[in-house]
Amino acid sequence: MVAGWEWDETLFAGTAAHYRRGRLPYAPGLADALAGILGLDGHGRLVDVGCGPGILALALAPLFREVVGVDPDAEMIAEARREAGARGVTGKARWVRIRAEELPAGLGRFTVATFGQSFHWMDRERVAAITWDMLETGGALVHISDLKTGTLTAEGLPLPAVPGAAIEELVKRWLGPVRRAGRGVLPRGTPDGEAAVLARAGFSGPRRHVVPGGQVIERTVDDVVAGVFSMSFSAPRLFGTRRADFEADLRRLLRDASASGRFSARLPSTEVFVWGKDTRYDGP
Ligand SMILES: C[S@@+](CC[C@H](N)C(=O)[O-])C[C@H]1O[C@@H](n2cnc3c(N)ncnc32)[C@H](O)[C@@H]1O
């Protein structure tokens, strides 16, 4: 995927336990928006590729007959399965520990495939082609992520904002200036330009939708620490035996930024690109 970087199974190792607590949720209207956009009526099948702890698959489960979450990280899959049990949706949710590149893995045909902030970690050309074959004609590939553009103003927040820039600096002091990713580094970050990849695979579109964020939520020091340990570039294992020392530094920084240990954050908007599988002419 990225020149000079190779995927390995430690990419998200140790992050699953921190994920649901640490990551800001997608915009609250996401499931309703997708139900409307895709005309979901509880009958189709969803495959959520790179499902992590099942955030999307479980949010969308009421809209499908069956949801299948796929992820190579064993702890993510365990967390998704545990949460599905807690929500009483074990009957219609299935979790499969494989890389997207190993699909279709006999999982059958799907109405919708979602990729929530996961496609950039994959061999995108290959996964796009596999997903095309797994979707029913008339099905949709849905790319979902936090909206990166637009400013999330700290103005008017009732509590101090989470000191994002200072946290980033601290991580760099501990792990070096170049972004870490599994056993490798990503000097130029993950790739963008997935539109060209998906168009080449035969998908039509995309239709773009923005589900509005901006809602203010409260975050504790523990939430923010979990957020840092939920990221691939500051995953717990990257700190090795000095993880507790890093965490102590991080907690000090957060206490300095908010004596009460409480912060305000605004939810980002969620950006959705819907790609259609109509028909593809592969030529003679
Ligand atoms: C940022 S998390 C997103 C989790 C979830 N989709 C969400 O929206 O909250 C990225 C996920 O992609 C998974 N992932 C990374 N490389 C993958 C691959 N080659 N195939 C499938 N999943 C992969 C990771 O294990 C991780 O759980």
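Inspection of segment 172-183 identifies at least one residue that is within 16 Å of the ligand (Cβ to nearest atom), closer than 28 Å to residue 246 by Cα, open to solvent by less than 60 Å² (accessible area, probe 1.4 Å) and in a loop (DSSP other than H, G, I, E, B). All told, residue 67 falls short of being of a type in the set (Val, Ile, Thr) and either assigned to a loop (DSSP other than H, G, I, E, B) or under 30 Å from residue 179 (Cβ atoms) (or both). For residue 27, the requirement of being more than 12 Å from the ligand (Cβ to nearest atom), modelled with pLDDT of 95 or more, in a loop (DSSP other than H, G, I, E, B) and open to solvent by less than 10 Å² (accessible area, probe 1.4 Å) is met. Any chance segment 101-116 includes a residue that's touching a Ser or Thr at 6+ places or on another chain (Cβ under 8 Å), open to solvent by less than 50 Å² (accessible area, probe 1.4 Å) and touching a residue at least 60 places away in the same chain (Cβ under 8 Å)? Yes, some residue in segment 101-116 is touching a Ser or Thr at 6+ places or on another chain (Cβ under 8 Å), open to solvent by less than 50 Å² (accessible area, probe 1.4 Å) and touching a residue at least 60 places away in the same chain (Cβ under 8 Å).
Screening residue 89 with (1) more than 16 Å from the ligand (Cβ to nearest atom); (2) among the β-branched types (Val, Ile, Thr); (3) touching a residue at least 60 places away in the same chain (Cβ under 8 Å) gives one miss only, at (3).
Criterion first (assigned to a loop (DSSP other than H, G, I, E, B) and either under 22 Å from residue 31 (Cβ atoms) or open to solvent by 70 Å² or more (accessible area, probe 1.4 Å) (or both)) does residue 158 satisfy it? The answer is yes for residue 158.
Counting the residues of segment 81-120 that are part of a helix (DSSP H, G or I) and in contact with a His (Cβ under 7 Å, 6 or more places away or on another chain) gives 1. Candidates 66, 101, 75, 83: the one that is of a type in the set (Asp, Glu), more than 8 Å from the ligand (Cβ to nearest atom) and within 23 Å of residue 184 (Cβ to Cβ) is 75. On the stretch given as segment 6-23, residues that are more than 10 Å from the ligand (Cβ to nearest atom) and crowded, with 18+ Cβ neighbours inside 10 Å total 2. Within segment 190-205, the set of residues being exposed (fewer than 12 other Cβ atoms within 10 Å of the Cβ) and at pLDDT 95 or above comprises just one member, 196. Among the residues in segment 34-46, are any at pLDDT 95 or above and within 11 Å of the ligand (Cβ to nearest atom)? Checked against the condition, which is being at pLDDT 95 or above and within 11 Å of the ligand (Cβ to nearest atom), segment 34-46 yields no hits at all. Within segment 219-245, the set of residues being closer than 18 Å to residue 186 by Cβ, part of a helix (DSSP H, G or I) and in contact with a Lys or Arg (Cβ under 9 Å, 6 or more places away or on another chain) comprises 232, 233, 234, 237, 238.
The values are calculated or read from the model by the stated rules, or taken from the named source; none is laboratory data. Bear in mind that the values here come from a model prediction, so they are computed numbers and not experimental data. In this analysis, Cβ positions are derived from the backbone assuming ideal geometry, glycine residues included, and neighbour counts consider all displayed protein chains. When the accessible area is computed, the model is the full protein with side chains, heavy atoms only, and any ligands, DNA or RNA have been set aside. Shrake-Rupley method; radii C 1.70, N 1.55, O 1.52, S 1.80 Å.
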